[in-house]
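The values are calculated or read from the model by the stated rules, or taken from the named source; none is laboratory data. Predicted model only: the values in this text are computed from it and were never measured. Cβ sites come from the backbone with ideal geometry, for glycine too, and all protein chains shown count toward neighbours. For accessibility, only protein heavy atoms count, side chains too; no ligands or nucleic acids. Shrake-Rupley method; radii C 1.70, N 1.55, O 1.52, S 1.80 Å.
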Amino acid sequence: MENTVLIDRNEALKRFRPISGNSHKGVQGHALIVGGSYGKMGSVCLSSKACLKSGAGLVTAYIPKCGYEIVQTALPEAMVITDDYTDHITAIGYKIKVDAVAIGMGLGHHSDTQHALYHFLKMTAIPMVIDADALNILSENKSWFEMLPNQAVLTPHKKELERLIGSWNSHDEMIEKVKAFSGDFDVVVVVKGAPTYSVYLDSVFENTTGNQALATAGSGDVLSGIIAGLLSQGYAALDAGVLGVYLHGLTANIAVPEIGHHSFIASDCINNLGKAFLSLY
Ligand SMILES: NC(=O)C1=CN([C@@H]2O[C@H](COP(=O)(O)OP(=O)(O)OC[C@H]3O[C@@H](n4cnc5c(N)ncnc54)[C@H](O)[C@@H]3O)[C@@H](O)[C@H]2O)[C@@H](O)CC1
Ligand SMILES: Nc1ncnc2c1ncn2[C@@H]1O[C@H](COP(=O)(O)OP(=O)(O)O)[C@@H](O)[C@H]1O
Ligand SMILES: [Mg+2]
């Protein structure tokens, strides 16, 4: 399509910033990962780990009580704040200062959780990734679009996108609808698929990395964590989206010669993030 920028290594390099020698965890960004419900805590573990492995100095997971031991055990590097309720999130309250948020992975759509999301969006204006069930809740409450923070990064797969903006008849029509949505609410939309397109206003970026190994549970949860990690370090929303998608796809390109398409799982995406970052030096 006309005016689409292909995101290859050169384009990724334009956006990538190495970490300075005198950095410390206090200036590397603190990201909050909000999600999880009974049976879906893995999504928060994956997203939080990917966030740490993308350079965030501190990561806190905000989860329902049932996930406390799961997240603390799976990921000792992350801090945890629990909701008052056991099985799902009912209110999103915290006293820490965070630089970026990713919300929605494994969140579910209980009415209490919908309420919590409403108040959170109303009160929160920091860089934000909105994924999975947070997108689905928004789709059921379209008047809430107005509350989205400027340049929030929305990361729908095609089904989630259809719930958000309605259906389309062609690729070009889909892109035009996403551009209009981006303009109406000043958001970056990362349309996940093969390939993934990142759209902001009239600009469209087509990713060149990734393969079918990523067609596996949790690989989108990993992407939300990567983008939140970049946002927390001060990357602009569009740069975080475009670079995050590039690195995420690259992990699969790096891993497939050894692991193959069938056996690659979302944790392999995380395990190869280091090599993906190193390829930019
Ligand atoms: N280990 C975990 O805890 C996991 C939790 N997850 C969470 O589970 C919840 C449900 O996520 P789902 O995405 O499964 O639910 P959805 O109901 O949003 O999506 C599932 C439907 O969308 C279709 N779909 C998915 N990707 C598509 C694509 N690229 N093009 C067209 N159709 C597509 C599927 O075929 C299916 O019909 C989310 O909160 C998610 O974060 C998942 O991420 C899987 C792993
Ligand atoms: N065939 C494919 N080729 C390239 N990337 C893919 C392919 N299938 C899935 N992906 C990527 O994997 C991720 C899947 O995200 P998502 O559907 O949200 O998964 P989950 O919710 O299970 O974490 C997206 O980044 C998507 O672009
Ligand atoms: Mg998903």
(message) How many angstrom lie between the Cα centre of region 47-66 and the Cα centre of region 225-281?
(response) 16
(message) Strictly greater than 29 Å: what percent of every Cα pair in the chain meets that?
(response) 26
(message) Give me Rg/Rg_expected for region 110-215, where Rg uses Cα atoms only and Rg_expected = 2.2 N^0.38 Å with N residues.
(response) 1.06
(request) With a probe of 1.4 Å, find how much accessible area the chain has per residue, and write the answer as a whole number in Å². (result) 43
(request) Please give the net charge around H110, taking every other residue with its beta carbon less than 10 angstrom from that of H110, where Lys and Arg add +1 and Asp and Glu add -1. (result) -3
(request) Convert each backbone phi in region 27-35 into a coupling constant with the Karplus relation 6.51 cos²θ - 1.76 cosθ + 1.60 (shift: θ = phi - 60°), then list the ³J(HN,Hα) values in order as whole Hz, x for Gly and Pro. (result) 10, 7, x, 10, 10, 10, 10, 10, x
(message) If the elastic network links every pair of Cα atoms under 10 Å, which of S139, S37, S111 fluctuates the most in the Gaussian network model of the chain?
(response) S111
(message) Let me make sure I get this right: for region 179-234, a, b and c are the square roots of the gyration tensor eigenvalues over alpha carbons, sorted descending. Under 1.5 in a/c it's rounded, otherwise prolate if a/b > b/c, else oblate. Which is it?
(response) oblate
(request) Determine the calculated [θ] at 222 nm for the chain from helices alone, applying -39500 (n - 2.57) to every DSSP H run no shorter than 4 residues and normalising by the residue count; nearest 500 deg cm²/dmol. (result) -13500 deg cm²/dmol
(request) Return the carbon/sulfur percentage of the accessible area of region 193-249, one whole number, probe 1.4 Å, all protein chains in place. (result) 49
(message) Averaging the inverse of every distinct alpha carbon separation and then flipping it gives the Kirkwood radius. What is it for region 25-134, in angstrom units?
(response) 13.5
(request) Just grab the label-to-label distance for A125 and N3, each label 7 Å out from Cα along the Cβ direction, in nm (one decimal). (result) 2.9
(request) When a/c is below 1.5 the answer is rounded, else prolate if a/b is larger than b/c, else oblate, so apply that to region 153-207 with a ≥ b ≥ c taken from the square roots of the Cα gyration tensor eigenvalues. (result) rounded
(message) Taking 25 Å as R0, compute the FRET efficiency from the Cβ-Cβ separation of L201 and L280 and round it to 0.05.
(response) 0.45
(message) From the phi angles alone, apply the Karplus equation (6.51, -1.76, 1.60; θ = phi - 60°) to region 53-63 and give each ³J(HN,Hα) in whole Hz, x where the residue is Gly or Pro.
(response) 6, 9, x, 4, x, 9, 10, 10, 9, 9, 9
(message) Give me, ordered by chain and number, the residues 5 or more places off F264 or on other chains with an amide H under 5 Å from its own placed amide H.
(response) none
(message) Give me P(r) over region 123-281, computed from all C-alpha to C-alpha distances, binned every 5 Å, as integer percentages.
(response) 2, 9, 19, 23, 20, 14, 9, 4, 1, 0
(message) Which entries of K65/K122; K53/K97; K14/K179; K65/K158; K14/K95; K159/K179 have Cα-Cα distances beyond 28 Å here?
(response) K65/K158; K14/K95
(request) Please turn the phi angles of region 260-268 into ³J(HN,Hα) values with the Karplus equation 6.51 cos²θ - 1.76 cosθ + 1.60 (θ = phi - 60°), one per residue in order, whole Hz, x for glycine and proline. (result) x, 5, 5, 9, 5, 10, 4, 5, 5
